[in-house]
Structure formats: C-alpha cells, structure tokens
Amino acid sequence: MEDIDSAGLDHTAAARAAASTRAFVLGPYLNPYAKRAADTKLSSSALEPGRSSEARIAEAAGLAQAIDLDVVDALVIPLSQIRPASFLGKGKVEEIASRVKEEDIGLVFMDCALSPVQQRNLEKAFAAKVIDRTGLILEIFGRRARTREGSLQVELAHLAYQKSRLVRSWTHLERQRGGFGFLGGPGETQIETDRRLISERMVKIEGELDKVKRTRSLHRKTRRDVPYPIVALAGYTNAGKSTLFNRLTRATVLAEDMLFATLDPTLRILKLPHGSRVLLSDTVGFISDLPPMLVSAFRATLEEVLEADVILHVRDISHEDTEAQSADVEQILGDLGIETSDPRLLEVWNKSDLLDPDQVAALANTARRRGEGSRAVVVSALTGQGEETLLAEIEQRLAKGRPLFEITLDSADGQGLSWLYEHAEVLERESDEEGAMTLLVRVPQERAQQISRRYPRAIEALPGQERAALALGAA
C-alpha cells in the first residue's frame with residue numbers, strides 16, 4: 001500500500017528508491033589537538049571533542065539508514081585541517097573516488113557541513129551524489145512529516161538550504177525533493193529564475209505557516225480555558241521519548257529504534273496519581289549540529305515546549321555519549337530561551353533496562369542526591385520501571401504555588417463532588433457520621449476564584465495543611 005502524505009509525496013516509492021542507492025558514510029572529524037590553519041572556517045560538526053569518533057560515525061550511519069539507504073561502509077576520516085575546496089585532502093579524495101567507482105556507490109554522505117563549492121567539487125571527484133549532514137537531516141524530516149504543518153515546515157527549511165546551492169539535491173532518489181520539483185536545472189542561466197521562484201515559494205509557505213500558528217494559538221487558548229497544564233517531552237533523538245509517551249498515555253505513537261521516528265507533535269491526556277489531568281506532548285527529537293534553519297522552521301511546533309508547565313528532558317542514560325547528547329539538547333533549548341536553570345525542567349534518565357542492577361542503583365542514588373530543583377528520575381519506558389515516581393514528581397512540580405482549599409459538601413451534593421474530581425486534585429476525603437464530606441483539594445491558581453464562587457464555604461488551607469498535602473503528593 002502506498003504511503004502518501006499531505007503534500008502528495010509517495011514515501012513508499014521514495015523508500016524503494018533510497019533502498020536501491022548504495023551509500024558510503026564518511027566521518028571527516030578533525031583531530032582536536034591538531035594544528036589548525038588560522039584562516040580555515042571549521043564546521044561545528046567537525047569540532048566535537050566531547051564525542052568519540054566511533055559514536056559519531058555510528059550516529060551518522062543511523063541517519064543514513066533512517067531513510068533506508070543501503071550503507072555499504074561507514075568510515076572515520078581523521079583530519080589535521082579542513083581544505084576549503086574539498087573539505088578532504090587530495091590524496092583522501094582520490095582514495096575514496098577509487099572505492100566509489102569499484103563498489104558502484106551512488107551517494108556519499110559526509111557527516112559535516114559542506115559549503116556549496118565543497119559539495120560540487122566532491123561530486124565531480126567522486127562521480128556520485130554527495131550530501132552533507134544538513135541535507136540528510138532535511139531529507140529525513142521530509143520523509144517523517146505526515147501533517148500539513150510538518151510538510152510546510154520541512155519545505156521551508158529545505159528551500160532556505162537550497163537557496164544557497166541552487167542545484168537539484170535529490171535526483172538520485174528519483175523523486176521530488178519534498179515538493180520542490182518546480183525548480184529549474186543547475187545551469188547558470190537559471191540561477192536568477194530559481195532564486196526568484198524559491199523566494200516566492202518561501203513567502204507563500206511563511207504565510208500558510210502564520211495561519212497554522214494562529215490556529216495553534218486558538219487551540220492553546222482553548223486548552224487554557226479548560227485548563228490543562230502541558231507536560232512536554234524533549235530530548236535527543238532516539239532517547240525513547242515516544243516509547244515513554246506510549247507508556248504513560250497508553251497511546252500507540254510510532255516508537256522505533258530509529259533516528260527521528262517522531263516529527264509531528266502529538267498530544268494526549270495523562271491522568272496523574274491524585275486525579276488531575278495534563279496534556280502530554282511528544283515533540284521532534286534534537287540532534288547534534290541541528291541545522292539552525294530547522295530550529296527556526298519548527299519554532300511553531302516547539303512552542304509546545306516553550307509554553308509547557310513541565311519539560312521532561314528525556315535522556316538515554318545507557319548511551320556512551322549521554323553527557324554530550326544532554327549538552328546538545330541544553331544548547332538547543334537555550335537557543336529557544338529555556339535555560340538549564342529553568343525550574344520547569346526535569347531530567348528523565350531513560351533506558352535503565354539496558355543497565356545492570358548495580359548501575360541502576362547507583363544512578364538512583366545520584367538522582368536523589370541532586371538538589372530540589374535539579375532532581376532526576378530513573379525510568380525504563382520499555383518495562384515501566386520508575387513510572388510511578390515520575391508521575392509523582394510531575395504532580396509535585398505542578399503543585400508548587402497552587403492553592404489548597406478545604407471544602408465541606410452535603411452527602412446529597414453528588415454534582416458538586418463530581419465537579420471537584422473533574423476539575424481539581426482531591427488530596428484527602430473524609431465523611432462524618434451524617435455523611436457530610438470534607439475534602440482537601442488543590443487547584444491551579446486561575447481556578448481559585450472559581451472555587452470560591454462555586455463553593456462559598458470553601459476555606460483556603462493553612463500552611464501546615466499545605467505542607468502535609470505537598471508531602472502526600474511527593475509520596
């Protein structure tokens with residue numbers, strides 16, 4: 001069965017074409033201790049001393065496999081410096097060109113950021129299509145997008161990338177590049193026409209995305225009127241966000257051991273231990289050296305994170321590069337205006353099932369020893385380990401600053417009791433001999449006046465009661 005998205009792209013045909021494309025994955029990583037030429041502009045992906053070359057090339061191969069390319073080999077190429085004309089040295093270019101010819105390679109993925117000149121020179125030398133990290137991530141995003149909004153955001157980012165190159169990037173896959181088939185060929189006489197067409201299309205897409213943003217704003221206003229707090233999942237790609245989302249909400253969002261399995265945001269209602277409801281949002285995963293144009297294009301989607309009441313930073317704690325991945329996520333969140341000191345952030349150390357029991361116990365001790373504002377929770381989204389602790393921590397974070405009320409209801413006031421369970425957190429409930437009920441409830445600040453109007457006899461809880469209730473919520 002064909003897989004057609006909202007932009008009319010046949011992803012099944014694209015996957016078949018990609019699977020028939022034999023590819024080399026090259027990791028041209030600069031030796032951090034090598035002497036660097038003063039006038040050489042280095043790409044950020046070439047300078048990641050915090051990551052091992054093995055982990056980086058494995059991630060690069062994963063990116064290529066995420067669009068079903070037939071990866072023939074993945075090679076690390078140590079560099080002492082970066083050549084302005086071809087990124088690699090002349091001898092290495094000739095060596096790779098020879099292998100490309102011998103093994104009938106159709107595409108070479110360079111895990112770095114190439115300038116248009118470098119890309120064209122390497123394509124001439126290899127006689128094969130060459131793509132850099134930005135181009136491949138854009139293609140993955142184009143393949144993963146399923147909603148109209150996601151497709152528009154990917155197309156806008158791809159056009160911004162393409163504008164500096166004005167060449168056909170995806171003829172090797174025998175498909176339109178995410179809806180960009182209107183572009184002319186690479187001939188010099190087409191450059192001005194292509195630039196104008198790109199600019200016109202970008203303006204049109206930006207207008208359509210503005211409509212999407214307005215619609216999102218209306219949806220957010222509707223949610224605020226309910227209101228449900230928002231808990232957003234953020235983290236490095238393939239950290240297990242979608243698996244955790246499915247575990248908590250009993251949903252069936254695509255969750256695979258694959259980079260960028262999730263692109264379009266998904267919202268589901270999640271019920272917390274004391275009955276309150278929140279909206280849990282699963283968002284696109286981050287990755288090192290994420291193209292700035294993608295961060296900009298997906299800002300409308302990432303607004304779910306910006307406006308969240310609690311942000312769960314999901315980490316693959318079993319990964320050898322977990323600290324470097326965490327730093328990448330923190331940098332992108334920082335670019336969005338969310339600092340590491342933000343009280344809404346809660347680290348979730350996922351995939352504990354891949355560690356031995358002693359390692360899990362040590363992690364749990366480390367997480368508990370952290371300060372109140374930087375506490376972490378150790379979980380396994382696959383097995384459910386730590387789920388209750390995580391839900392209690394989310395509830396406690398949301399409870400801070402929320403007023404408590406003691407409300408007494410007649411035994412016959414079933415409607416009033418039902419309303420409280422629907423719109424507030426019922427922390428305690430006691431009944432006297434005559435059936436009258438006394439409840440201790442916690443509500444969002446914006447509902448305090450509504451509670452006072454609906455239940456005139458409601459008494460705001462004393463500080464001692466508040467401390468007891470908060471302790472109960474943390475238990």
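Things worth noting here:
- The peptide list 330-337, 240-247, 83-90, put in order of mean Cβ contacts within 10 Å with the highest first, becomes 240-247, 83-90, 330-337.
- 20 °C / 1.002 mPa s Stokes-Einstein diffusion coefficient of the range 55-99, Kirkwood radius on C-alpha pairs, µm²/s: 176 µm²/s
- Length, then width, then depth: along the principal axes, the Cα atoms of the range 228-399 run 42, 38, 32 Å.
- The residues 161, 421, 29, when put in order of fewest to most other Cβ atoms within 10 Å, stand as 421, 161, 29.
Coordinate-derived values only; no laboratory data. Just so it is clear, the model here is predicted, and its values are computed rather than measured. Every residue, glycine as well, gets a Cβ built from its backbone with ideal geometry; the counts of neighbours run over all protein chains shown.
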